[in-house]
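Below: one structure, written as structure tokens.
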Amino acid sequence: MEITKEHKQWLVDFNLNHPLVIAGPCSAETEEQVLKIAHELKNSDVSIFRAGIWKPRTRPGGFEGVGEIGLKWLQKAKAETGLLMATEVANAQHVKLALEHDIDVLWIGARTTVNPFAVQEIADALQNTDKIVLIKNPVNPDLSLWIGGVERLYNAGIKKLGVIHRGFSTYEKTKFRNNPEWQIAIDLQNKFPNLPLICDPSHITGKRDMIQEVSQQALDLNYDGLIIETHTDPDNAWSDAAQQVTPATLKQIFIDLKMRKETDENAEWNKAMAMQRAYIDELDTKLIEILGKRMKLAEKIGQLKKEKNVAILQNKRWNEILGRMILDGEDKGLNEDFVLRIYKAIHQESIAHQEKIINK
């Protein structure tokens, strides 16, 4: 798959002096609600109006969207405001109806991205479309699955492509609704620099008071745009009430966001930056050396366990290490979630090295 500048041209054609913004309610609820929000977003930094028409729910019984009638409301909102319209599609029938109602942007949701059969069905229905098609990351942190979804759309001859980073589900409780796992999105960005990358802070945070913070993080990482859920009465929204902001709040977010330069030409600044990066490179080399030594010790421990037929996993010891490292990390200004992720990865690698010895 070769993602070229052609696939990003749709974004360039907006000719914006700020990141692309897609905004609107989580769900289209009534015609009046859709039109009211759309008019409040008109003449702002918003270029594309979003609203869910079909809403996949985790469990049955919840509000699953108004269905086809909502597409007519989006058509009316477009005629009255000039904003482009976007909605989520989860199957070929959704695609058919969205195209019949001239929806400009279609996105594939996280629950759909995990299913290659569903993505292929949508790609087939969109074969050679001139619509903008965006695909959210899968629910689980699987970069290959995300790339696979893009690839299916690419193979269908779709030229206006992009991805939405909405975070990843995790069994462990964190401050986020969906853990951002920024590195996964950065890896995708590095592999395909011409693939527009849009952040969804609403689904990452699940909380309206964190939208600003995560939006800024995304812009600091050179994301191309934001998709933010917006409602005139968010507390009484029919879905995802806690993560929606009012149009007035959204406009204030635009004002407060800081746009960073990618680099600077100042010679002294570049010299200082090069020096700090050299220090980091040196420390990174030492980190790898230390980790290598740690795994050698894990193999020696594995040998001792093998001699006495002792189980690899020692929960008491592991919990002691974890507790101590969290406290030490706090003293060094390291976030607890970060320390947990690092040490769980180290522990898993240590177990793998011990298993290699014990199973020889």
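Using the 2.2 N^0.38 Å rule of thumb for compact globular proteins, work out how the stretch 107-197 stacks up: its C-alpha Rg over that value, please.
In units of the 2.2 N^0.38 Å rule of thumb, it is 1.06.
Which value, in debye to the nearest 20, gives the size of the charge dipole of the chain about its Cα centre, when Lys and Arg are +1 and Asp and Glu are -1 at the Cβ?
Approximately 1380 debye in magnitude.
List the pairs from K160/K261; K159/K251; K306/K360; K136/K159; K296/K356 whose alpha-carbon separation is above 21 Å, in the order I gave them.
K160/K261; K159/K251
If you put +1 on each Lys and Arg Cβ and -1 on each Asp and Glu Cβ, how big is the dipole of the stretch 186-270 around its Cα centre, in Debye rounded to 20?
Its charge dipole is roughly 100 debye.
Select from the stretch 128-189 those GluC sites (Glu not before Pro) which occupy a DSSP coil region and have at most 15 other Cβ atoms within 10 Å, ordered by residue number.
Working: sites: E151, E172, E181; in loops: E172, E181.
Here the GluC sites (Glu not before Pro) that fit, given the DSSP loop and packing criteria, are E172.
With +1 assigned to the C-beta of every Lys and Arg and -1 to the C-beta of every Asp and Glu, and no other charges, what is the dipole magnitude of the stretch 173-234 about the Cα centre in debye, to the nearest 20?
220 debye
Heavy-atom accessible area of L334 with all protein chains present, probe 1.4 Å, nearest 10 Å²?
Spelled out: L334, probe radius 1.4 Å, area about 80 Å².
Would you mind counting up the charge near T112? Only other residues with Cβ under 13 Å from its Cβ, with Lys and Arg at +1 and Asp and Glu at -1.
Computed value for this residue: +3.
Let me check I've understood the local charge: for I228, count other residues with C-beta under 10 angstrom from its C-beta, Lys and Arg +1, Asp and Glu -1. What total comes out?
Neighbour charge sum, excluding I228 itself: 0.
Can you find, among W269, W182, V34, the residue farthest towards the positive end of the dipole of the chain? Put +1 on the C-beta of Lys and Arg, -1 on that of Asp and Glu.
Toward the positive end, the furthest listed residue is W182.
Under the definition of Cα pairs under 8 Å and six or more residues apart, what whole-number percent is the relative contact order of the chain?
Computed over the chain, the figure is 14 percent.
From the alpha carbon gyration tensor of the stretch 299-347, can you work out the equivalent ellipsoid semi-axes (sqrt of 5 times each eigenvalue) and give them in Å, largest to smallest?
27, 10, 8
If one computes the Cα centroid of the stretch 195-247 and of the stretch 22-101, what distance in Å separates the two points?
16 Å
Return the calculated 222 nm mean residue ellipticity for the chain, to the nearest 500 deg cm²/dmol, obtained by summing -39500 (n - 2.57) across DSSP H runs with n ≥ 4 and dividing by the residue count.
Using -39500 (n - 2.57) per qualifying helix, the result is -16000 deg cm²/dmol.
Hey, what does the equivalent ellipsoid look like for the stretch 146-281, semi-axes from the Cα gyration tensor as sqrt of 5 times each eigenvalue, largest first, whole Å?
29, 22, 16
Per-residue counts of other Cβ atoms within 10 Å, averaged by peptide: what ranking do you get for 48-56, 112-120, 86-94, highest first?
48-56, 86-94, 112-120
Would you mind telling me which residue in K251, K344, K72 has the biggest mean-square fluctuation in a Gaussian network model of the chain, where springs connect alpha carbons within a distance under 10 angstrom?
Ranking K251, K344, K72 by mean-square fluctuation puts K344 first.
Using the Kirkwood formula over every pair of different C-alpha atoms, what hydrodynamic radius in Å results for the chain?
Kirkwood radius, the chain: 22.8 Å.
What FRET efficiency, computed as 1/(1 + (r/R0)^6) with R0 = 45 Å and r the Cβ-Cβ distance, is obtained for Y279 and V12, rounded to the nearest 0.05?
Working: r = 37 Å, r/R0 = 0.83.
My answer for the efficiency is 0.75.
Comparing L221, L143, L304, which has the greatest mean-square fluctuation in the GNM of the chain with Cα pairs linked when under 10 Å apart?
Comparing L221, L143, L304 in a Gaussian network model of the chain, the most mobile one is L304.
Let me see the pair-distance distribution of the stretch 186-263: every alpha carbon pair, 10 Å bin width, integer percents in order.
Over the stretch 186-263, the share of Cα pairs per 10 Å bin runs 19, 47, 26, 8, 0 percent.
The values are calculated or read from the model by the stated rules, or taken from the named source; none is laboratory data. Computed from a predicted structure; not experimentally measured. Note: ideal-geometry Cβ built from the backbone for every residue, glycine included; neighbour counts use all protein chains shown. Accessible surface is based on the protein model in full, side chains and every heavy atom, while ligands, DNA and RNA are left aside. Shrake-Rupley method; radii C 1.70, N 1.55, O 1.52, S 1.80 Å.
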